[in-house]
1. Looking only at the range 53-72, count every residue that is open to solvent by less than 70 Å² (accessible area, probe 1.4 Å) and not polar (S, T, N, Q) and tell me the total.
2. If you scan the range 13-41, which residues turn out to be loosely packed, with under 13 Cβ neighbours inside 10 Å and either in a loop (DSSP other than H, G, I, E, B) or touching a helix residue (DSSP H, G or I) at 6+ places or on another chain (Cβ under 7 Å) (or both)?
Amino acid sequence: MSKLLVVTLGGAIGSGARHLLGSFVQAVAGTGFPLGTLVVNVIGSFLICAIMHMGTATHVISPTLRLFLTTGIMGGFTTY
């Protein structure tokens, strides 16, 4: 599977997850502060670090899966 396809599919999943979680947090917290954006980005940043650590330090995650998870899903989730 090409790297572009892996990143594109992951980005679609991450963007959808961002919309769902961000909208939920905003609905619960109100519109006074963009708490949904803050929550999504804090969670996403933590997960990027965890995935990269597992992928590089322990080699539990293959490079293609790491690309899918970090650049694709987490990239779409955090919009980095």
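The values are calculated or read from the model by the stated rules, or taken from the named source; none is laboratory data. Every value quoted in this text rests on a predicted model; they were computed, and no experiment measured them. All Cβ positions, even for glycine, are placed from backbone atoms using ideal geometry, and neighbour counts span all protein chains on display. Surface areas here come from the heavy atoms of the whole protein model, side chains and all, with no ligands, DNA or RNA. Shrake-Rupley method; radii C 1.70, N 1.55, O 1.52, S 1.80 Å.
1. So the answer is 8.
2. Matches in the range 13-41: Ser23, Gly30, Thr31, Gly32, Phe33.
Yes or no, residue by residue, for (1) of a type in the set (A, V, I, L, M); (2) under 21 Å from Ser2 (Cβ atoms):
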{"position": "Leu20", "(1), (2)": "yes, no"}
{"position": "Gly36", "(1), (2)": "no, no"}
{"position": "Ala50", "(1), (2)": "yes, no"}
{"position": "Gly55", "(1), (2)": "no, yes"}
{"position": "Thr64", "(1), (2)": "no, yes"}
{"position": "Ile73", "(1), (2)": "yes, yes"}
